[in-house]
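Heads up, the thing below is written out as C-alpha cells.
Computed from the coordinates by the stated procedures, all read-outs in this text should not be read as laboratory data. Here the structure is a predicted model, which means the values were calculated and not measured. Using ideal geometry, Cβ is built from the backbone for each residue, glycine included, and neighbour counts are taken over all protein chains shown.
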Amino acid sequence: MSGERETRVKSVAIIGAGAAGAVTAAALKAENYYERIQVYERRESPGGTWLYDGDPRPLPPIRPGKLPNEGVDPPLKVPSQLPQTTPPNQQHRYDQTPVYSSLTTNVPDIAMAFSDTRFAYGPFAPHYVPRQYIQNYFSQNKTDSLLVLNTTLEDLSRIPPAEKGGLERWKLTLRKYDALRHVDIWWEEEFDAVILATGHYSVPYVPYVPGLAEYVDTFPGRVVHSKNYRAPLLYADKKVLIIGNSASGHDVTAELVSTAQLPVYQSRRSASRWDGDSPPPGIAWKPVIKEFQLDGRIVFEDGTHLDDVDTVIYCTGYLPSFPYWNTQANGRPLYDYKAGRLLKGYWHTFFQDFQTLAVVGFPRTLTFRSFEYQAIALARLWSGRNTLPLPPVEEQEKWERERVEKIEREGGKFHDIPWDEGETLGWIDGLFRIAGLGTLKGEGRVPPAIGEDVIWALEHLRKYPEPGKGEGDKKDGEGREVEADGWVVLGRKKKDSLAFI
Ligand SMILES: Cc1cc2nc3c(=O)[nH]c(=O)nc-3n(C[C@H](O)[C@H](O)[C@H](O)COP(=O)(O)OP(=O)(O)OC[C@H]3O[C@@H](n4cnc5c(N)ncnc54)[C@H](O)[C@@H]3O)c2cc1C
Ligand SMILES: NC(=O)c1ccc[n+]([C@@H]2O[C@H](COP(=O)([O-])OP(=O)(O)OC[C@H]3O[C@@H](n4cnc5c(N)ncnc54)[C@H](OP(=O)(O)O)[C@@H]3O)[C@@H](O)[C@H]2O)c1
C-alpha cells in the first residue's frame, strides 16, 4: 500500500473459484497472515470456465447490441429482511460455461499453468485437464476448506471507514442454493477486503445489426450464440452462417465442415493471423452483415446475400458483468461499457479510490500465469509485506489517463495487454516488483520467474498454424507489412501474436 495508507486487512473474500480464485486463495493462504479467507463460488464445484456443461440451459432471447447492465444480466432483488429463505431463483444468471465438447486449450501448458504445478499433459490439452487442474489446485494448497459453493454474491456494498483515514470494509449479500430443500438461503457477511475473480466470459455479446432483433422474433431459435454451441451433430445438413473470426468463430466454423451443408459461411470483420489468402475447403467467407430482412434474407456489406439460412451462430465474444455491484452504496459504477474498462483502476488489478477492493483475472493476456502475479502482489500488499508501495493516487490516475490516451491514439482495448511489444512482460514485472520476497521463515509466495522456456513456448508453439509465418513479418522501407507475393498491405493492422487468448 502507498506510504500514507492503513494496512490492517485481516479478512478477505474471494468471489469466484475459477483459475483466478484458485491462485488467489493459494497466495493469500501462503502468507499465513490473514485470519479469514473465504472463496464464494456460485457453481457446485471449482473450475470456472473449465466446468463443462454438456447440456446447457437455453440462453435468454438474444438482444442485439444490449449491454449486461441494460437488462441483459440484471441484479436479483435482495429480500428486505436478512437472513431469509426464499423459493429458488428462476432468473437466468449465465453461470454455465461456453466450453464445447472438442475444445482444447490454445496456450501451451507451460505458459498457461501456474508456476508451481504443470498440467497433467500438454501442450494443448482437452478442456477437462484444466478443470481437474483447478480443482486439484484447491486441494493441493489446502484451500478447498475455504470454498463456499453454490453461493452467489448478489450484492457488494462498501462500508465507509469507521474513522477518518481508515479503510473501508465490505458487506456481501450472499445467496446459497440448498439443493436438498430446493430453496435459496440469503444472508450477509462483512470482510475487510474483497477480490473479484468472477471472470468475463459469461454474458454473450451480440452486436446491433439492422433488422436482427426483428429477425430473432420472426425466426425463433434460428440465431444462437457460441456460448451454447457444444458439438457439430446438431447442425447436420443445415445451412449455417457463423459470425466472428477469433478462437470461437474459427473453431466452430472448422468443426461444422464435418456435418453441415457446404459451404459453411463465415462472416469476418477482420482477418486473423491464421487465415490464409483464401478460405479452407468447405468454408465460404463473407464480409460483415449489413442487414437482416424479414423474408429471411441476410444482406452483407458487399451487397451479396444469403437466403434460407437454417442457423446463424454469433461467435462475437462476451461482455463482463457485475450485477452484484451496488452503484448507489458504492458511489459510482464499477465498469464503463462505452469505454470498455474498469473505472478508477490501476494496473488492471487495484482501485484508486477503494484500497480494499481488487480484481484478478480481468485483462486479456496470459491467463492463469498472469493471475498468479496479481494474486501474489495482492497477498503481499494487504499483509503489509510488499516490497514496493503502490504509487500515490495521482500517479495511479496518470496511469489510467495515459492508457486511455494510448488506446485512443493506437486503437485496441483498455484491458487487452499485447505480447509482441513486451507490454505483457512489463505489466507482469510491475506486479513482480510490488510483491517482493517472502519472509525468511517462508511465509508468502514469491513471484516466479517467467523463464526463457515459457517465453519460447509462447512464441513458438501454436495451436493454430499461421500460413506463411515469417512472410507477414516482413516490412518495406517505410515499415509497412509485405505479403509473400510482395504486395504491401495497407490499412490492415496486424493482430498481436497472442490476440486469440
Ligand atoms: C470458450 C473458452 C475457451 C478458453 N480457452 C482458453 C485457453 O485455451 N487457454 C487460456 O489460457 N484461456 C482460455 N480461456 C480463457 C479462460 O476464461 C481463462 O483461462 C480462465 O479460465 C479464466 O479464469 P477466471 O477465474 O478469471 O474466470 P472464470 O473461469 O470465468 O471463473 C470465474 C468464476 O466466478 C464465478 N462467479 C461469477 N460471478 C459470481 C458471483 N456473483 N458469485 C459467486 N461466484 C461467481 C463463476 O461461476 C466462475 O466459476 C477460454 C475462455 C473461453 C470462454
Ligand atoms: N481454447 C480454445 O481453443 C478457445 C476456443 C474458443 C474461445 N476461446 C477463448 O474464449 C475467449 C473468447 O473468444 P471468442 O472467440 O468467443 O470471442 P472474441 O475473441 O472476443 O472474438 C470476437 C469475434 O467477434 C468479432 N466481432 C465482434 N464484434 C463484431 C461486430 N460488431 N461485427 C462483426 N464481428 C464482430 C470480432 O472481430 P474482430 O476480430 O474484428 O474484433 C472477433 O472475431 C478468448 O479468450 C478465446 O481465447 C478459446
Open item on the list: Explain nothing, just compute: Karplus ³J(HN,Hα) = 6.51 cos²θ - 1.76 cosθ + 1.60, θ = phi - 60°, for every residue of the range 145-159 in order, whole Hz, x for Gly and Pro.
Closed with: 6, 8, 6, 10, 8, 6, 10, 9, 6, 9, 8, 10, 10, 6, 9
- [ ] Using only the alpha carbon atoms of the range 393-470, find the Kirkwood hydrodynamic radius as the inverse mean reciprocal pair distance, in angstroms to one decimal.
- [x] 15.8 Å
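Ranked highest first by average number of other Cβ atoms within 10 Å, how do 428-435, 368-375, 299-306 line up? Please list the in-between numbers first.
Values: 428-435: 20.0, 368-375: 26.9, 299-306: 13.4.
Most protected by this proxy first, the peptides run 368-375, 428-435, 299-306.
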- [ ] Among Ala377, Leu156, Thr85, pick out the residue whose Cα is farthest towards the positive end of the charge dipole of the chain, where Lys and Arg carry +1 and Asp and Glu carry -1 on C-beta, about the Cα centre.
- [x] Thr85
Task: Cα centre as origin, Lys/Arg/Asp/Glu Cβ charges: the chain dipole, Debye - done: 860 debye
Task: Amide hydrogen neighbours beyond the local backbone of Lys10, cut-off 5 Å, H modeled - done: Asp192
Task: Percent breakdown of C-alpha pair distances by 10 Å bin, ordered from the shortest bin, for the range 154-310 - done: 9, 28, 23, 12, 17, 10, 2
- [ ] For the chain, report the translational diffusion coefficient in µm²/s to the nearest whole number, using Stokes-Einstein at 20 °C, 1.002 mPa s, and a Kirkwood Rh over Cα pairs.
- [x] 88 µm²/s
Task: Arg57-Glu301 pseudo-label distance in nm [points 7 Å out on the Cα-to-Cβ vector] - done: 3.7 nm
Open item on the list: As I understand it, the dipole of the range 400-444 uses +1 on the Cβ of Lys and Arg and -1 on the Cβ of Asp and Glu, about the Cα centre. Which of Gly438, Phe414, Leu425 lies farthest toward its positive end?
Closed with: Gly438
- [ ] Go through the range 247-255 residue by residue and turn each phi into a ³J(HN,Hα) via Karplus (6.51, -1.76, 1.60, θ = phi - 60°); whole Hz please, and just put x for glycine and proline.
- [x] 4, 5, x, 5, 5, 5, 4, 4, 6
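Looking only at the chain, where both bridge partners belong to it, what percent of the DSSP beta bridges are antiparallel (to the nearest 5)? Before the final figure, lay out each step's value.
Numbers: 34 of 64 bridges.
Close to 55 percent.
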- [ ] Report the chymotrypsin sites (Phe, Trp or Tyr not before Pro) located in the range 114-175 that are in a DSSP loop and have at most 10 other Cβ atoms inside 10 Å of their Cβ, or state none.
- [x] Tyr121
Task: Farthest positive-ward along the chain dipole, Cα basis, beta-carbon charges - from Pro74, Tyr128, Trp347 - done: Pro74
- [ ] Among the aspartates and glutamates, select those whose C-alpha is under 16 Å from the C-alpha of Lys413, and discard any that sit fewer than 8 residues away in the same chain.
- [x] Asp336, Glu400, Glu402, Glu405, Glu421, Glu423, Asp496
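Between their Cα atoms, which of Lys29/Lys463; Lys29/Lys176; Lys344/Lys463; Lys286/Lys495; Lys238/Lys338; Lys176/Lys441 are more than 30 Å away from each other? Provide the component values of the computation, followed by the final result.
Values: Lys29/Lys463 35 Å; Lys29/Lys176 24 Å; Lys344/Lys463 36 Å; Lys286/Lys495 20 Å; Lys238/Lys338 36 Å; Lys176/Lys441 39 Å.
Correct reply: Lys29/Lys463; Lys344/Lys463; Lys238/Lys338; Lys176/Lys441.
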- [ ] Please give the calculated 222 nm ellipticity per residue for the chain, where each DSSP H segment of at least 4 residues contributes -39500 (n - 2.57) and the sum is spread over every residue; nearest 500 deg cm²/dmol?
- [x] -6500 deg cm²/dmol
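Relative contact order for the range 1-110: what is it in percent, counting Cα pairs under 8 Å that are at least 6 residues apart? Write down the numbers at each step before the final one.
On the way: 87 pairs, mean separation 28.2, N = 110.
Contact order relative to length: 26 percent.
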TODO: Determine ³J(HN,Hα), in whole Hz, for all residues of the range 267-277 in sequence, where each value follows from phi through the Karplus function 6.51 cos²θ - 1.76 cosθ + 1.60 and θ = phi - 60°; x replaces Gly and Pro.
DONE: 8, 10, 8, 8, 7, 9, 5, 8, 6, x, 7
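Given an 8 Å cut-off on Cα distances and at least 6 residues of separation, report the relative contact order of the chain as a percent. It would help to have the intermediate numbers written out before the result.
Numbers: 978 pairs, mean separation 95.0, N = 501.
Reported relative contact order: 19 percent.
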Open item on the list: Report the Cα centroid-to-centroid distance between the range 33-59 and the range 103-164 in angstrom, as an integer.
Closed with: 9 Å
Open item on the list: Compute, for the range 83-239, the length of the dipole vector about the Cα centre, with Cβ point charges of +1 (Lys, Arg) and -1 (Asp, Glu) only. Units Debye, rounded to 20.
Closed with: 500 debye
- [ ] For Val39, list long-range residues whose amide hydrogen, built 1.01 Å from N in the peptide plane, is under 5 Å from its own amide hydrogen.
- [x] Ile14, Leu147, Val148
Task: Relative contact order computed over the range 222-318 (Cα-Cα under 8 Å; 6+ residues apart), in percent - done: 37 percent
